[in-house]
Structure formats: structure tokens, C-alpha cells
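Asker: The structure under discussion is supplied below as C-alpha cells; questions concerning it will follow.
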Amino acid sequence: MPSQVYIFLPLLMGQAMAFTQGAFSWSVFLFCHLYGLAMQLFIVFANDVADEDTDRLNSTYTIFSGGSRVLADDCLSSRSLFSAAGVSALLCLLAGVLLAWFSSGWGPLLLVLLGLVLLWAYSFKPFRLSYRGGGELLQMLGVGGVLPMLGYLAQHGSLSGIYWPYMGLMLLLALSCAMSTSLPDEPSDRLSLKKSSSVLLGGRLNQRLILALNAGAFFLLALFMLHGLGYTGMYLIALLCLGLWFSGVLLLDQKPGSLGLSVFVASSVSFSLLPMAGVSMALFIS
């Protein structure tokens, strides 16, 4: 359940942008996050099925990576988990229909469908981009693009007023998070010929690119704060992000399976999530 925050915050960010323009409904909020729960379950279940062989090879998994382990530990069958993924996908579609009805347009349902397609292209044939390369970019588009746009569109009814610089921040943070969670799985990904960013770039370069993405995100966050997006909590979040970034610098070049790499990943994931939460709250109280 802690991974729900990866879905909840981008959806919240989109709705916060709509709120500043006078468009907000608690009913839409509820169905947005029911969709978020169904989508998270679909992602977890489907990815576990697609990655079963790789997860069985994985001895360096962490709480951030390596799947839920229910198949690798023989707790469930892949058939039952795939069936659960199908039920979750149907619940996503049902939520999309309801959000389309609330917003008086088909846009939310189309974005829900796009999210399902991105996950299929990530994990399953004929695309299976998590293995062929580019999976992190799909995660960036889904988490940093589709989810906040869905939250905004469901509340606002149109994308005409969305603030695209905030979307740029979301994309940077989502890509950084996706690349971070690939780091611990590099050995098993390499064995199974899975072309994650850590395999394609190597762990050392991947870590440096993550820090570069986070530096870019921090620069955008500072610009937003200079232009009036600020409250006491935002300054605290900015300081925390700065501390997390420097901790990442100190933990460069750690190996999969080490405590140091787990702390690096935890720092980077926290860096990715804190600005989403901070900007959302700043927009809601502005």
C-alpha cells in the first residue's frame, strides 16, 4: 500500500491546479482516487506476472523494487494474479466512465485508456518496453503526464487552463523516481536481458543522471517559489529536498544489495514525492 503514494500525489497535483481556477468537486475527488487505487493494483498485479522469471532471479530487491514477491515466493499463482489484474483494469474503466460523466466529456475515459495502454506496452508483448528499453520513459509519461492531466481534466472539464510548467516538474520527478527504483534490480535485470536504465547506462551513470534530474526539478521548484508559490511548509520541503540531494551525492557508486544503495534510492524517491505534495498543498491553500 505505500506505493499508492506514487499514484495519489500526481492525481492530487492535477486536481490542485483545477482548484486554483475554481473547479473542484469532492465527488470527483473520491472517484479520482478510487481510480488511483484500481490503477495501482493493476500495475502491481500485471507487472508481477510479466516479471515473474526476473523476480525469481532477484536477490537484491528492496521495498522500492523487485515486485511484491508473491509469485517469486509461491504465495499465489500467476493465473490468479493475472485474473486480478483484469478485474482491476475493468474497475479502472468503470471509474473512467464515471469521471467522464462528471466532467461531461470523454476526456477522462480516454486518459484512463491511455494509462492502461502504457502499462501494457511497458510489460507485455508485442512492445514490452521495460525489457527492450524505454520503460522508464513510459513510467514518466504515465505518472508525470497522464495522472495529473486526468486529475485536472476530471475536475475542470478541459485542459485549456492547465499550467504546463508544473507538468514539466512532474515529468522530471517521475523520470527520476522510475530510474531510481531500477537501481537495486540491476543484477537480475542484466541476467534476464531486461534493458532497464541501470543496465543500459550502468549504475554509476544512472545515479548521476538521477541527481541531474533532481537538480533540474529543484531549480523549477525554486522558480515557482520565487514567483509566489510559497508558504512555510514549502520552504521546509525545499530544505528537505536540498538535504536529500546532498545525501545522494554522498552515496554515489553504491552497489546493488548494499545498505548505501537502499538509502540512495530512498532519498531519491523521497525527493521525487515531496515537491508533488508541497506544490499541491500550496495550490490548495493559495
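The values are calculated or read from the model by the stated rules, or taken from the named source; none is laboratory data. None of these values were measured; they are calculated from a predicted model. In this analysis, Cβ positions are derived from the backbone assuming ideal geometry, glycine residues included, and neighbour counts consider all displayed protein chains. Ligands, DNA and RNA are stripped out before the accessible areas are found, and what is left, the full protein with its side chains, is counted by its heavy atoms. Shrake-Rupley method; radii C 1.70, N 1.55, O 1.52, S 1.80 Å.
Asker: Looking only at the range 249-279, which residues are farther than 15 Å from Ala217 by Cα and within 22 Å of the chain's Cα centre (by Cα)? Don't jump to the end; show me each part of the working.
Answerer: If we filter the range 249-279 for residues that are farther than 15 Å from Ala217 by Cα, which is where we start, we get 249-266.
Hits for the range 249-279 are Pro256, Leu261, Ser262, Val263, Phe264, Val265, Ala266.
Asker: Any residue at all in the range 206-223 that's outside any helix (DSSP H, G or I) and either over 21 Å from Thr62 (Cα atoms) or within 20 Å of the chain's Cα centre (by Cα) (or both)? Steps first, answer last, please.
Answerer: Taking the range 206-223 and keeping what is outside any helix (DSSP H, G or I), we get none.
So far as the range 206-223 goes, no, none of its residues is outside any helix (DSSP H, G or I) and either over 21 Å from Thr62 (Cα atoms) or within 20 Å of the chain's Cα centre (by Cα) (or both).
Asker: Only one of Val117, Val70 is β-branched (Val, Ile, Thr) and crowded, with 17+ Cβ neighbours inside 10 Å; which? Even if it seems obvious, please write down each step before you answer.
Answerer: Details: Val117 fails: crowded, with 17+ Cβ neighbours inside 10 Å.
Residue meeting the stated conditions: Val70.
Asker: A follow-up question, please. Name the residues in the range 157-176 that are in a helix (DSSP H, G or I) and surrounded by 17 or more Cβ atoms within 10 Å (Cβ to Cβ), would you? Walk me through it before giving the result.
Answerer: Quick first cut of the range 157-176, residues in a helix (DSSP H, G or I) only: 164-176.
Passing the criteria: Tyr166, Met167, Leu169, Met170, Leu171, Leu172, Leu173, Ala174, Leu175, Ser176.
Asker: Of the residues Leu229, Leu252, Leu242, Leu261, which is of a type outside the set (S, T, N, Q), assigned to a helix (DSSP H, G or I) and surrounded by fewer than 20 Cβ atoms within 10 Å (Cβ to Cβ)?
Answerer: Leu242
Asker: Return yes when Leu76 is open to solvent by 40 Å² or more (accessible area, probe 1.4 Å), assigned to a loop (DSSP other than H, G, I, E, B), of a type in the set (A, V, I, L, M, F, W, C) and without any contact (Cβ under 8 Å) to a residue 12 or more places away in the chain and no when it is not.
Answerer: Values: open to solvent by 40 Å² or more (accessible area, probe 1.4 Å): yes; assigned to a loop (DSSP other than H, G, I, E, B): yes; of a type in the set (A, V, I, L, M, F, W, C): yes; without any contact (Cβ under 8 Å) to a residue 12 or more places away in the chain: yes.
Taking the combined requirement at face value, the residue satisfies it.
Asker: Then there is this: Take the range 214-253 and flag every residue that is free of Cβ contacts under 8 Å to residues at least 12 places away in the same chain and more than 24 Å from Trp164 (Cα to Cα).
Answerer: Thr232, Leu236, Leu239, Gly243, Phe246, Leu250
Asker: Let me ask you something else. Checking the condition more than 22 Å from Phe284 (Cβ to Cβ) and surrounded by fewer than 22 Cβ atoms within 10 Å (Cβ to Cβ), which residue from Phe45, Phe64 passes? I'd like the intermediate steps shown before the answer.
Answerer: Numbers: Phe45 fails: surrounded by fewer than 22 Cβ atoms within 10 Å (Cβ to Cβ).
After applying the criteria, what remains is Phe64.
Asker: Taking the range 230-267, which residues are in contact with a strand residue (DSSP E or B) (Cβ under 9 Å, 6 or more places away or on another chain) and of a type in the set (Val, Ile, Thr)?
Answerer: Hit for the range 230-267 is Val265, nothing else.
Asker: Which condition breaks for Met39 when tested against (1) at pLDDT below 80; (2) within 18 Å of the chain's Cα centre (by Cα)?
Answerer: (1)
Asker: Here's a follow-up. Among (1) open to solvent by less than 40 Å² (accessible area, probe 1.4 Å); (2) at pLDDT 90 or above, where does Leu209 come up short?
Answerer: That leaves (1) as the condition not met.
Asker: Same structure again: Go through the range 1-32 and count every residue that is β-branched (Val, Ile, Thr), open to solvent by 60 Å² or more (accessible area, probe 1.4 Å) and either out of contact with any Leu (no Cβ under 7 Å at 6 or more places or on another chain) or not in a loop (DSSP other than H, G, I, E, B) (or both). Write out each step before concluding.
Answerer: Step one: filter the range 1-32 for residues β-branched (Val, Ile, Thr), giving 5, 7, 20, 28.
Still in the list and also open to solvent by 60 Å² or more (accessible area, probe 1.4 Å): 20.
Filter again for either out of contact with any Leu (no Cβ under 7 Å at 6 or more places or on another chain) or not in a loop (DSSP other than H, G, I, E, B) (or both), leaving none.
Residues meeting the conditions: 0.
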